[in-house]
Structures are given as structure tokens and as C-alpha cells.
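Here the structure comes first, spelled out in C-alpha cells, and everything after it is commentary.
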Amino acid sequence: MSKRNTQQRRHTIVSLLTEQGQVSVDALSQRFETSEVTIRKDLAELEKNGLLLRRYGGAVPVPQEMVSEQAVKVSKQKQSIADTAAARIRDHNRIVVDSGTTTAALIPLLDKKRGLVVMTNSLQVANAIRELEHEPTLLMTGGTWDTHSESFQGQVAEQTLRAYDFDQLFVGADGIDVGRGTTTFNEMTGLTRVMAEVAREVVVMIESDKISRRIPNLELAWSSIDTLITDSQLDDDLKRAIEQTGTDVICADT
């Protein structure tokens, strides 16, 4: 089905929800003569955009008190960073997406790409990928669940990654030490380093207010990072200092 038809169907679903107060997957599937899987993806995308709430077997309107909260779920800075990162991904690329809220903002934009292979250690990222209409081939690292990062870590995950090679890695960070590289509160840094080893291009996605936030645990040294994408609020002196490490710095318009 074309993108236009998909948009029309989703617009109609929102209209029906406004008229009826609730909608069911089964009824929508019959109305549009499409599969329940497709309808669930529609509802997931509409929920992601703050237009409804999914419930068992269907969906209901978003309570008014939740509208403003959902509208700010992804900041303007994160969305701009994600838009800029997505523009670097070509059809049929093999990419790794690390856990984190900034990298997760990249996932809805992958629906515009074709033939992608995506490896991740994040259940949030994996679930978001499964909701895409043009779902990429999804690979999971497996491993040991780490509650701090809400991702899989450990030797099993590292061994899985080493069996592949990738075009790009997209990774976030808790902070940037301009003299060293990306830093994190998490002491488990091994998997991110393996991700960087198996990717031809390493792209760090981070908001500018985290740069110069010095956190004890070094995750990726500058020698492992090809590109840093941040927002337009980055200080010019900091930008020049990072570029002197040999890393390309892209400031997304915000």
C-alpha cells in the first residue's frame, strides 16, 4: 500500500475515534480490508504521535491532561539530531543502534528507508522497529539485561556483534569530555566499544548541554568516533576543540 493510502487510513482512524470514542482492531481491519498487523502498526504510530492511546483490542482518545506531556516527549533538539542522523543512512545499510532516548528518536525515521538491517541491544528500539510499516531486518544482541541502561550487555552480546560488520553505529552518551571522548554513568562500557569496532562509521548523537559534562567512565575515545551530531546551541570554542581531535562535528538546525 502506498504512503498516501497509509496516511489517509490513519487520518480516517483518528476521525472515527473522535466520532465513536473508541475503535477496535478487528473492526478497522474489516473496514479497510487490511490485516490486523497493519492496523496495529497504524495505532502504534498514531499513539507515538500523541493522537490516541492503545488499549487491548483497539484504541481510545488521549485524555486531555496527557496531551501536553506527550507533546514534549521528544525534545526539539533530539528530533533535529535524529533528523540529521537519519539523512546519513542509505537504503540497504547495515546499522547498529545503541540504547538511549536520543538514538530511539531515530527509529520512526527509518520507515523511509528500504532494505535496512538493524542490530540493537535495546528492547525499546526493537519494539519501535517492529511497529514500522516498512520493517527493517531486526537483529538483537542478546546478552545479560542491565537495569541501569535498560539494555542487554555482557560477553554474549559482544560475541554476537563480532560475528557481523556494519556500515554505521548510532550511539548516545551521558556526557562528553572534550579531552577524552564520550562518558557514561554506566560502568559497563565493553559492548559499546565492540559496537564501534564492527562499524565503519561511528556517529555519536548528543544534545549540546551534555557536552563538557565530565563523568568518570570513559566510553568511546575520540579515536573511535567519526562524527558527532549535536544541536545548534553548541559553543563555537567547544566545536573547534572537538574538531581538533579529528572528529566531524555537525550542528543540527533547531
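The values are calculated or read from the model by the stated rules, or taken from the named source; none is laboratory data. A quick note: this is a predicted structure, and the numbers were derived from the prediction, not measured. Here the Cβ positions follow ideal geometry from the backbone for every residue, glycine too, while neighbour counts run over all protein chains shown. Note: accessible area is taken over every heavy atom of the protein model, side chains too, but ligands, DNA and RNA are not part of it. Shrake-Rupley method; radii C 1.70, N 1.55, O 1.52, S 1.80 Å.
Annotation: Ala241 fulfils all but one of (1) farther than 18 Å from Leu169 by Cα; (2) open to solvent by less than 50 Å² (accessible area, probe 1.4 Å); (3) touching a strand residue (DSSP E or B) at 6+ places or on another chain (Cβ under 8 Å); the unmet one is (3). In the range 136-154, the residues that are charged (D, E, K, R) form Cβ pairs under 6 Å with partners that are in a strand (DSSP E or B), at six or more places apart or across chains, as follows: Asp146/Gln153. Of the residues in the range 213-222, not one is part of a loop (DSSP other than H, G, I, E, B), touching a residue at least 40 places away in the same chain (Cβ under 8 Å) and crowded, with 18+ Cβ neighbours inside 10 Å.
Residues in the range 223-238 that are assigned to a loop (DSSP other than H, G, I, E, B) and of a type in the set (Ser, Thr, Tyr): 1 in all.
Quick check: anything in the range 231-245 at negative phi, touching a residue at least 40 places away in the same chain (Cβ under 8 Å), hydrophobic (A, V, I, L, M, F, W, C) and in contact with a Lys or Arg (Cβ under 7 Å, 6 or more places away or on another chain)? No. Pairs are defined by a Cβ separation below 8 Å, a sequence spacing of at least 6 or placement on different chains, a first member in the range 78-102 that is part of a loop (DSSP other than H, G, I, E, B), and a second member that is open to solvent by 20 Å² or more (accessible area, probe 1.4 Å) and of a type in the set (A, V, I, L, M, F, W, C); the pairs so defined are Asn93/Val117. Checking each residue in the range 78-99 for being of a type in the set (Gly, Ala, Ser) and open to solvent by 40 Å² or more (accessible area, probe 1.4 Å) picks out only Ala87. Taking the range 1-60 as the range and being part of a strand (DSSP E or B) and open to solvent by less than 70 Å² (accessible area, probe 1.4 Å) as the test, the residues that pass are Val23, Ser24, Leu53, Gly58, Ala59, Val60. Being at pLDDT below 90, in contact with a helix residue (DSSP H, G or I) (Cβ under 8 Å, 6 or more places away or on another chain) and on the phi < 0 side of the Ramachandran plot is not true of Glu36. Taking the range 194-212 on its own, how many of its residues are assigned to a loop (DSSP other than H, G, I, E, B) and open to solvent by less than 10 Å² (accessible area, probe 1.4 Å)? Final tally of qualifying residues: 1.
For the range 118-141, taking the residues that are in contact with an Asp or Glu (Cβ under 8 Å, 6 or more places away or on another chain) and among the acidic types (Asp, Glu), the one that is nearest to Ile107 (Cα to Cα) is identified as Glu131.
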